[in-house]
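Have a look at the structure below before the remarks.
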Amino acid sequence: MSGKMGLFVSGVMLFVLSAVLTPVSANDSTKDFKGKALVNDYCAACHEQTDKGLTRISDVRKTPEGWDMTIFRMEHLHGLAVDSDDRFAIIKYLSAENGLSPKESAPFRYVLEQRAHFVDVAPNDDLDALCGRCHTNARYGLQRRTAEDWLKHMHFHVGQYPSLEYQARARDRFWWQEVTSKTYKELAELYPFQTADWDQWKAAAYKSPVGLWRVTGHRPGQGGYEGIMTVSRHGDFFKAKYDLNDMGQKGESITGNSKSVVYTGYEWRGSGILNGTETREVYALSEDGNHMTGRWHDAIHYDIGGEFQAVRLDGAEAQVLAKSSDYIRQGETKKISLHGTGLTGKASADKGLGLSIIHQNSNSITLQITAARNIAPGSYRVTVGQAETAIVVYDKIDMVKIMPEWTIARLGGGNIPPVSAQFEATAYMKGKDGDIKIGIMPALWQIQPFNADAEQMKDVDFAGHIDQFGRFLPAAAGPNPDRKYSTNNAGNLIIIARIKDGDHQVSGKAQLIVTVQRWNLPPIR
Ligand code: HEC
Ligand code: HEC
């Protein structure tokens, strides 16, 4: 892999494409003769034609990003030359013909969504050690192969990286013996080429994303947003127009649009602009075609972005999808907006919460809520017609938890942007049956050295700073002559969040490792 692979991050591909193809999905792909013909033209020179299809190619299934990475290798190691239009058509065809079903990709969306913070899932400790030391376990979790091809893939690893067994602490075991006798069979059982699920998905009817969507989401550190997305079709692409609003105090509007491709009948990959910032979108359409979930992120800073969910407006039931606040204090009067679909019904609440309607339409209702001074702390139901949600009433904050509890940030410099770390502080109260989550609250943020080493190395002074929204911005990379041993600006820090509760403060802690840059950014890490 080389650093160049970063250029092929899913969304970037879209801008270079202009081919107008017939629509493809998991199910109508065989009609896409162009993609099929291109695969024959470009790949058959090295991959032999058999009655099952081209060798190797017809024995594996991958995500669009997975196919992208393989073609990158064909180009850079094996001399394949393919122009960008054809490359796109090939990826689209292969993702439709030999892709992953929505259920198969579901456990590993975190890596496709380019999250800066995630917990990588390994099926067991052995696989974590054999494979997860070099790349995410998601990388192979997002592939399906025949047993024979998993074995070939083990050979490929050592063929391409003869020093593999000496890298990544691999000498604690006989890597080669283990993966070629045992592991490949295990992989074939965990991630088999043939599954009923894929066969069903391939045969399923095509669901177009065209139409109006009710959007709700959350930007870590900034809060919720909601609005409408309008999707239309333009040849082989979809265009989305966004009319969104920040749910925070300022209520700033967020507008923009994007251009996307839907691979495999559900893998939405878009490039867009939101309030002037270039974005990338990684969403998955639900199997019934009525929901979309995923994440969008800043094109350059993948660590900055938003959680995204959309519900098709047409035919949607009455439901609350998000609200401007999850909580209210005993005795407090507060404006809370509920956002969803079909919110035209009568508003009511459990005894103890007083309601008055400030504004109501089918997508949103803004309520003035008063929590009686003497009601018991706990969860209270608020209903709007058939739609139901809950508001937590609290008396005092007992505990603050920071999410994530620990994570990393990366120094930035040269061509490689820094990777920030975003924290959020959530307040809890003690209940009869355990801790009750009150909700995310604004906090005062601070950093401290994690241990004596960090104190001695003055990590707090060098590693970066945390802003008032809980975002840690790392310092510049490279040797720092002002630092002891002229070392890098890495650090080991405690993150502290203090939430004000009346006249006292409650605090929580998290850990942050500020580490060095990543030199290559493949679409699947
Ligand atoms: C110039 C020769 C050449 C061409 C052209 C070529 N390949 Fe390959 N391909 C190879 C070689 C050699 C390997 C085995 C080594 C490896 O995996 O890198 C391979 C392996 C593969 C594999 C199996 C690798 C894996 O682990 O998943 C896939 C899939 C694949 N190629 C797809 C393609 C596709 C799709 C095309 C056409 C767009 C293509 N190749 C064109 C030489 C080529
Ligand atoms: C010593 C490091 C190392 C170890 C250990 C390792 N890999 Fe990899 N793997 C790589 C590298 C590097 C690549 C990227 C190859 C490329 O595409 O050029 C890769 C690529 C892959 C790919 C994507 C390749 C494609 O073309 O589709 C899969 C799948 C994969 N590895 C599975 C595994 C599995 C399963 C294991 C454990 C049995 C494993 N790897 C162990 C380094 C490693």
| Any chance the range 140-147 includes a residue that's outside the structural domain of Tyr266 (by TED's automatic domain parsing), within 12 Å of ligand 2 (Cβ to nearest atom) and farther than 28 Å from Thr293 by Cα? | no
| Within the range 166-215, which helices (runs of 4 or more DSSP H) (wholly inside it) include 2 or more residues that are under 27 Å from the mean Cα position of the chain (by Cα)? | 184-190, 196-203
| note | Heads up, the strands (runs of 3 or more DSSP E) in the range 411-493 (entirely inside) with at least 3 residues that are farther than 24 Å from Lys323 by Cβ and not assigned by TED's automatic domain parsing to the domain that holds Asp303 are 444-449, 464-466, 471-474
| field | Number of the exception - Arg139 against (1) free of Cβ contacts under 8 Å to residues at least 60 places away in the same chain; (2) within 12 Å of ligand 1 (Cβ to nearest atom); (3) farther than 19 Å from Thr55 by Cβ; (4) in contact with a helix residue (DSSP H, G or I) (Cβ under 9 Å, 6 or more places away or on another chain) | value | (1)
| query | In the range 336-374, how many residues are exposed (fewer than 13 other Cβ atoms within 10 Å of the Cβ) and closer than 23 Å to Ala425 by Cβ? | reply | 0
| task | Kindly list the number of the only condition in (1) in a strand (DSSP E or B); (2) over 28 Å from Phe472 (Cα atoms) that fails for His218. | result | (2)
| message | Can you tell me which of (1) among the charged types (D, E, K, R); (2) more than 27 Å from the chain's Cα centre (by Cα); (3) within 30 Å of Trp406 (Cβ to Cβ) is the one Glu148 doesn't meet? | response | (3)
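Have a look at Leu151, Leu190 and point out the one that is more than 16 Å from ligand 1 (Cβ to nearest atom) and of a type outside the set (S, T, N, Q).
One residue alone meets the criteria, Leu190.
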| task | Read through the list (1) assigned to a helix (DSSP H, G or I); (2) touching a strand residue (DSSP E or B) at 6+ places or on another chain (Cβ under 8 Å); (3) over 27 Å from Ile304 (Cβ atoms), then give the number of the only condition that Arg87 fails. | result | (2)
| request: Identify the single condition in (1) assigned to a helix (DSSP H, G or I); (2) more than 10 Å from ligand 1 (Cβ to nearest atom); (3) touching a helix residue (DSSP H, G or I) at 6+ places or on another chain (Cβ under 8 Å) that Asp128 does not satisfy, given that it satisfies every other one. | output: (3)
| note | Scanning the range 502-515 for residues that are under 14 Å from Val400 (Cβ atoms) and crowded, with 18+ Cβ neighbours inside 10 Å, the one nearest to the chain's Cα centre (by Cα) turns out to be Ala510
| message | Need the failing condition index for Ala81 against (1) under 30 Å from Ala205 (Cβ atoms); (2) of a type in the set (A, V, I, L, M); (3) more than 16 Å from ligand 2 (Cβ to nearest atom), just the number. | response | (1)
| remark: Restricted to the range 61-97 and to residues being among the basic types (Lys, Arg) and surrounded by 19 or more Cβ atoms within 10 Å (Cβ to Cβ), the residue farthest from ligand 1 (Cβ to nearest atom) is Lys92
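To keep it simple, each residue is scored yes or no on (1) within 25 Å of the chain's Cα centre (by Cα); (2) within 16 Å of ligand 1 (Cβ to nearest atom); (3) assigned by TED's automatic domain parsing to the domain that holds Met69.
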position	(1), (2), (3)
Ala122	yes, no, yes
Cys134	yes, yes, yes
Phe156	no, yes, yes
Tyr161	no, yes, yes
| note | Pairs returned, first residue in the range 53-73 that is of a type in the set (Ser, Thr, Tyr), second residue that is near ligand 1 (Cβ under 10 Å from one of its atoms), beta-carbon separation under 6 angstrom, 6 or more apart or interchain, are Thr55/His47
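Each row is one residue, and each column tells you yes or no for (1) modelled with pLDDT of 95 or more; (2) outside any helix (DSSP H, G or I); (3) under 27 Å from the mean Cα position of the chain (by Cα); (4) away from ligand 2 (no atom under 16 Å from the Cβ).
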site: Met5; (1), (2), (3), (4): no, no, yes, no
site: Ala19; (1), (2), (3), (4): no, yes, no, yes
site: Thr30; (1), (2), (3), (4): no, no, no, yes
site: Lys36; (1), (2), (3), (4): no, no, no, yes
site: Met69; (1), (2), (3), (4): yes, no, yes, no
site: Arg73; (1), (2), (3), (4): yes, no, yes, no
site: Ile91; (1), (2), (3), (4): yes, no, yes, no
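The values are calculated or read from the model by the stated rules, or taken from the named source; none is laboratory data. Owing to the predicted nature of the structure, the values given are computational and were not obtained by experimental measurement. Counting neighbours? That spans all protein chains shown, and the Cβs are built from the backbone with ideal geometry, glycine included.
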